[in-house]
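Reading through the structure tokens given below for one structure.
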Amino acid sequence: MLRVEGLTAGYGNSQVLFDMGLEARRGEVISMVGRNGMGKTTTVRALMGIVTPRTGQVQLAGKEVSKLAPYAIARLGVGLVPEGRRIFASLSVQENLVATSRTARVTGETPKARQWNLDEVFTLFPRLQERRRQSARTLSGGEQQMLAVGRALMTNPQLLLLDEATEGLAPLIRKEIWQCLQTLKAQGQTILVIDKNLNEMSALVDRHHVVEKGRVVWMGTPSQLAQQPDIAQKYLGV
């Protein structure tokens, strides 16, 4: 579903990514983990076309997308839950969801031919249905995060990108977000998640990618990472 090879990117004269590479097969959940400032968010921005890669390849379902504009990448089926949520505060909950809605281009494009719509999102997040007519700015932080996830799902993504989706949330809300991601995985959704909570990710992620200074320095399963505490100590600071 996703293949990244030899990716370099940065901002102005500052280079952030050096030979970044990772891969996610259809239906897999993979992670990028690492300290702040190591290039995880820049990688997500490069995958979405927000940052233009300088060299390297980004392939989505076999199609090269590294030179496409963000809207074109989104239309191909990449949904983003950005760091900081970035919901449309002046719109209602329902308007936020409808504003990004996209029907899958081909029957069967999404996992198990699932078509995300308002009813499906409200089933996943009943609290959003209760607040569907409220202004998004009046939601709690956890509810805004649910809205950000629901908004991404309304694009009917082949690949879902989540950048620090549980950061700053209360433990009960974090648990609800992780349960939501487990549900999506069970439905066959391909997911790339950036997060610091290794324990909570261990039941979800198929493969971790440890990022250091703009490249992947270690890759393996959660159980393999747990068996190598020196890796976590060296690159994650835990």
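Taking amide H positions as placed 1.01 Å from N in the peptide plane, with prolines and chain starts having none, which residues 5 or more places from Ser92, or on another chain, fall under 5 Å of its amide H?
Those lying under 5 Å, H to H, from Ser92 are Ala136.
Given Cβ point charges of +1 (Lys, Arg) and -1 (Asp, Glu) and nothing else, what value in debye, to the nearest 20, does the dipole of the range 30-144 about its Cα centre take?
Charge dipole of the range 30-144: 240 debye, to the nearest 20.
Collect residues whose amide H, placed 1.01 Å from N in the peptide plane, falls under 5 Å from the amide H of Glu212; neighbours closer than 5 in sequence don't count.
Sorted by chain and number, the residues that satisfy this are Val217.
Packing-wise, with mean Cβ within 10 Å as the measure, how do 151-163, 135-147 rank, highest first? Please list the in-between numbers first.
Numbers: 151-163: 23.0, 135-147: 18.8.
So the order, starting with the most tightly packed, is 151-163, 135-147.
Determine the sum of side-chain charges near Asp206: Lys and Arg each +1, Asp and Glu each -1, restricted to other residues whose C-beta is under 13 angstrom from that of Asp206.
Details: positive: Arg25, Arg26, Lys185, Arg207; negative: Glu23, Glu28.
Here the charged neighbours net out to +2.
Please give every one of the lysines within straight-line cross-link reach of Lys196, meaning a C-alpha to C-alpha distance under 27 Å, and leave out same-chain neighbours fewer than 8 residues apart.
Hits, sequence-local ones excluded: Lys40, Lys175, Lys185, Lys213, Lys234.
Which Cα, out of Thr52, Thr8, Leu198, lies furthest along the positive dipole direction of the range 2-235 (beta carbon charges, K/R +1, D/E -1)?
Positive-end residue among those listed: Thr52.
Report, to the nearest 10°, how far helix 171-186 tilts away from the longest principal axis of the Cα atoms in the chain, using its own Cα long axis and a range of 0 to 90°.
Rounded to the nearest ten degrees, it is 80.
What spacing in nm lies between the two simple spin-label points modelled at Ala89 and Tyr11, each 7 Å away from Cα in the Cβ direction?
The two pseudo-label positions are separated by 2.1 nm.
Just want the answer: with Cβ charges of +1 for Lys and Arg and -1 for Asp and Glu, which residue in Val217, Ala186, Leu91 is farthest toward the dipole's positive end in the chain?
Leu91
Karplus couplings for the range 87-101 from phi (6.51 cos²θ - 1.76 cosθ + 1.60, θ = phi - 60°), rounded to Hz, Gly and Pro as x?
Along the range 87-101, the couplings run 6, 8, 5, 7, 9, 6, 4, 5, 5, 4, 6, 5, 4, 10, 5 Hz.
Using the Karplus equation 6.51 cos²θ - 1.76 cosθ + 1.60 (θ = phi - 60°), what ³J(HN,Hα) coupling, rounded to whole Hz, does each residue of the range 141-147 give in order, writing x for Gly and Pro?
x, x, 5, 5, 5, 4, 5
Between Gln115 and Glu23, what is the spin-label point distance in nm, taking each point 7 Å from the Cα along the Cα→C-beta axis?
If labels sit at Gln115 and Glu23, their model points lie 3.4 nm apart.
If the only charges are +1 at each Lys and Arg Cβ and -1 at each Asp and Glu Cβ, what is the size of the charge dipole of the chain around the Cα centre, to the nearest 20 debye?
On the way: 30 positive and 21 negative charges, 84 e Å.
For the chain, the charge dipole is close to 400 debye.
What number, rounded to the nearest 500 deg cm²/dmol, is the helix-based mean residue ellipticity at 222 nm of the chain, given -39500 (n - 2.57) per DSSP H run of at least four residues and division by all its residues? Intermediate results must be reported in sequence, preceding the final value.
Numbers: 10 runs with 79 residues, N = 238.
The per-residue figure over the chain is -9000 deg cm²/dmol.
I'd like the Karplus ³J(HN,Hα) series for the range 216-227: coefficients 6.51, -1.76, 1.60, θ = phi - 60°, whole numbers in Hz, and an x wherever there's a Gly or Pro.
Going residue by residue, I get 7, 9, 7, 9, x, 6, x, 5, 5, 5, 5, 7 Hz, with x marking Gly and Pro.
Post the alpha-carbon centroid distance, the range 111-164 to the range 1-60, in whole angstrom.
Centre-to-centre (Cα) distance: 25 Å.
Run the simple label-point estimate for Gln224 and Arg35 please: 7 Å along Cα→C-beta, distance reported in nm.
About 2.4 nm, to one decimal.
Of all beta bridges DSSP finds with both residues in the range 2-235, what is the antiparallel percent, to the nearest 5?
So the antiparallel bridges in the range 2-235 amount to around 55 percent.
Only the coordinates and a few stated rules stand behind these numbers; no lab work does. A quick note: this is a predicted structure, and the numbers were derived from the prediction, not measured. Cβ coordinates were reconstructed from backbone atoms using ideal geometry, including for glycine residues, and neighbour counts include every protein chain displayed.
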